[in-house]
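Only the coordinates and a few stated rules stand behind these numbers; no lab work does. A quick note: this is a predicted structure, and the numbers were derived from the prediction, not measured. For neighbour counting, all protein chains shown are included, and Cβ atoms are generated from backbone atoms with ideal geometry for every residue, glycine included.
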Amino acid sequence: VQLQASGGGLVQAGGSLRLSCAASGSIFNAMGWHRQAPGKQRELVATITSGGRTNYAGSVEGRFTISRDSAENTVYLQMNSLKSEDTGVYYCVVDSWYGIRSWGQGTLVTVSS
């Protein structure tokens, strides 16, 4: 499995960014995003199943929206009303139907206050 994430960058607080992650291989069960802020543990941001069921961390609910294009094996994360605490490396994650998890290389999001 190869995951190619893009869309990270520098944005001012209150701004928006859209992350994309294209996955090679077969159709996946769940796709999502985790992030790791400086000095903190990696945490779940949002996931979406093949059936479209979504799950969000409480800290991003209402501001972030996850979506996927199953035909293209691509997952997106629309991030609005960004805050400085959203700064971190964002990792794309996919779970196969066999329960195997694969991680992308990460894309850096920096929110300046």
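Scalar couplings 3J(HN,Hα) for region 79-88, obtained by applying the Karplus form with A = 6.51, B = -1.76, C = 1.60 to θ = phi - 60°, are 10, 10, 6, 5, 10, 4, 6, 7, 4, x Hz; x denotes Gly and Pro.
Over all pairs of different C-alpha atoms in region 1-48, the reciprocal of the mean inverse distance, the Kirkwood hydrodynamic radius, equals 12.8 Å. Residue ranges 60-68, 95-103 sort as 60-68, 95-103 when ordered by packing (mean number of other C-beta atoms within 10 Å per residue, highest first).
Average 1/r across all pairs of distinct alpha carbons in region 69-113, invert it, and you get the Kirkwood radius: 12.5 Å. Normalised by residue number, the volume inside the convex hull of the Cα atoms of the chain is 89 Å³ per residue.
Backbone geometry of region 65-75 corresponds, through the Karplus equation with coefficients 6.51, -1.76 and 1.60 at θ = phi - 60°, to 3J(HN,Hα) couplings of 9, 9, 8, 8, 10, 5, 5, 9, 6, 10, 10 Hz, x marking Gly and Pro.
Note that region 41-50 has calculated 3J(HN,Hα) couplings of 6, 5, 9, 6, 9, 6, 9, 9, 8, 5 Hz, one per residue in order, obtained from phi through the Karplus relation 6.51 cos²θ - 1.76 cosθ + 1.60 (θ = phi - 60°); glycine and proline are x. Residues whose amide H lies under 5 Å from that of GLY9, counting only those 5 or more places away or on a different chain, are VAL109, THR110; hydrogens are built 1.01 Å from N in the peptide plane.
Residues of region 1-15 with an amide N closer than 18 Å to a point placed 7 Å from the Cα of GLN78 along the Cα-to-Cβ direction: 6-8, 14-15. Set Lys and Arg Cβ to +1 and Asp and Glu Cβ to -1, take the dipole of region 18-113 about its Cα centre, and tell me which of GLY39, VAL75, THR54 lies farthest positive. Among GLY39, VAL75, THR54, the one farthest towards the positive end of the dipole of region 18-113 is GLY39.
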